[in-house]
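The values are calculated or read from the model by the stated rules, or taken from the named source; none is laboratory data. None of the values given here were measured: they were computed from a predicted structure. Here the Cβ is made from the backbone with ideal geometry for all residues, glycine too, and neighbour counts use every protein chain on show.
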């Protein structure tokens, strides 16, 4: 029985449903950006909406390995992630649905 596409988080290395993870894309100039709808062109990497997973993914050179090229995490991405983390705590407490709350928090941070 097939359960749908699964991807591995760069931070925690856990395989999760594709929709529960945030896709990052490397632009031609080397900057890493969030791909909110998952349709951006280029090589992608996936991370959980958890702040610890993102810290691990950014600090250990895993992005460079995943993108097979030097990658730069800009301040705009870090601010979007920090904002998403704050929203995730608030939304997660109100709803109790961690995966949907995480996805909504990331999407809201990207739109902001």
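Computed quantities for the displayed model
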| item | result |
| --- | --- |
| Residue list for segment 40-58, restricted to those being out of contact with any strand residue (DSSP E or B) (no Cβ under 8 Å at 6 or more places or on another chain) and at pLDDT 80 or above | 52, 55, 56 |
| Scope segment 37-73; condition touching a helix residue (DSSP H, G or I) at 6+ places or on another chain (Cβ under 6 Å) and surrounded by fewer than 16 Cβ atoms within 10 Å (Cβ to Cβ); matching residues | 43, 70 |
| Selection from segment 38-53 of residues that are farther than 15 Å from residue 7 by Cβ and part of a loop (DSSP other than H, G, I, E, B) | 41, 42 |
| Segment 13-32, residues that are under 12 Å from the mean Cα position of the chain (by Cα) and either crowded, with 17+ Cβ neighbours inside 10 Å or assigned to a loop (DSSP other than H, G, I, E, B) (or both) | 20, 21, 22, 23, 24, 25, 32 |
| Identity of the residue in segment 1-12, exposed (fewer than 13 other Cβ atoms within 10 Å of the Cβ) and touching a strand residue (DSSP E or B) at 6+ places or on another chain (Cβ under 8 Å), that ends up modelled with the lowest pLDDT | 3 |
